[in-house]
Amino acid sequence: MSRLNLGKLPGDDLLPILQSLPSPEDCNRLYQAFKFRVHPVVPICHLPSLEQTMTEFWGDTAMTTSADTLTLILSVAYCGLVSINDERYVNLTKSIFISYERLLDVLSFPNDISKATVPLLQSYLIVNTCRASQIEPLSSFSFLSSAVRIAQALELNLERKSLSTVGKEVQRRIWWHLVYMDVEAALVSGLPNLIHDDDYTTYMPCQLDDYSITDTQDPVAGSLSVTSPMMLAMHGRWHWALQMRTWRKRKPTLVEFQEFEKTVNDLLSKQAPVDNDGWSHTYLRLHLSRAVCSAARGFLGGQPVNRINCEHKVLRLGL
């Protein structure tokens, strides 16, 4: 897939985009907001690689940075600002988003799949996931069909041994984020899933912290190495998505739910004691209730999930 350097972009397009960027110091603060508030729930980047990319961008006086890299930096800055939710930055937030959309338009993305690259897809997913809302599912998740097709064009749905360790992990994270988002969109919209079991061979990402993943080792899902609370939480999310692809169509059996509960409890057991009161522990436990409440949609009249008031113990008796 082609990558266009910034120096080759028309000046009329590039200058306003660069002018919308905050200073390197402010961008770093926005990156920190992204790192701690956005990345934990949209973990489709490898943080050390992203940090290196941003450092190289600010030191690139020859404008040799690829344009798709700038879209990723803009998406990080935008979502960092959104996560801060400070009225003082409303204009800056709008300005960066306009620049992001303008750059996508210059690159004919996502309309021209031949222009697709992993950084472009990452930026597209980061921004649209942050903007997605379950209030208007048909419009807020409309980006998914394009994202899935682009990921397939990039062969992210196929496990590839030829990639570097970091490259494999990024591929796996992006694909499994799409698997999860596809289920979320299908649940709230009532539309069929876009992704099916026989559409991919991509492994689940490993459970290691970003800074433990290097090209000198090849971590696999369920690795016994030091685990990341964030990635344990994401494994709960991905296992939930796998179950819901089936359970949204039919009522789960008690055995199936017990197996899912065991999977979640196994993930919980890998958490260090200090993390047991943290967000990742709560998030994992939440998916047990989510599984029951979401599956209940199939035998409570098919009401939208957000209209069902349910109690975990009550609905579990219905299994």
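The values are calculated or read from the model by the stated rules, or taken from the named source; none is laboratory data. Everything numeric in this text was worked out from a predicted model, so none of it was measured. Counting neighbours? That spans all protein chains shown, and the Cβs are built from the backbone with ideal geometry, glycine included.
When region 177-190 is filtered for residues that are farther than 19 Å from Arg160 by Cα and in contact with a helix residue (DSSP H, G or I) (Cβ under 7 Å, 6 or more places away or on another chain), the ones remaining, listed by number, are Tyr180, Met181, Asp182, Val183, Ala185, Leu187, Val188, Ser189.
In this structure, does Leu81 turn out to be more than 14 Å from Leu14 (Cα to Cα), among the aliphatic types (A, V, I, L, M) and part of a helix (DSSP H, G or I)? In short, yes.
Of the residues making up region 11-44, those that are part of a helix (DSSP H, G or I) and either surrounded by 13 or more Cβ atoms within 10 Å (Cβ to Cβ) or more than 18 Å from the chain's Cα centre (by Cα) (or both) number 23. For Met204, indicate whether it is modelled with pLDDT of 90 or more and either surrounded by 23 or more Cβ atoms within 10 Å (Cβ to Cβ) or part of a loop (DSSP other than H, G, I, E, B) (or both). Taking the combined requirement at face value, the residue satisfies it.
Remark: pairs (first residue in region 18-45, on the phi > 0 side of the Ramachandran plot; second residue assigned to a loop (DSSP other than H, G, I, E, B) and small (Gly, Ala, Ser); Cβ separation under 7 Å; 6+ apart in sequence or on different chains) are absent. Within region 45-83, the residues that satisfy the criterion of being surrounded by fewer than 15 Cβ atoms within 10 Å (Cβ to Cβ) and β-branched (Val, Ile, Thr) are Thr55, Thr61, Thr64.
Looking at Glu155, Glu136, Glu184, just one residue is over 18 Å from Thr71 (Cβ atoms), modelled with pLDDT of 95 or more and not aromatic (Phe, Trp, Tyr), and that residue is Glu155.
Taking region 88-158 and the helices (runs of 4 or more DSSP H) fully enclosed by it, the elements with 2 or more residues that are under 18 Å from the mean Cα position of the chain (by Cα) and surrounded by fewer than 22 Cβ atoms within 10 Å (Cβ to Cβ) are at 118-131, 137-140, 143-153.
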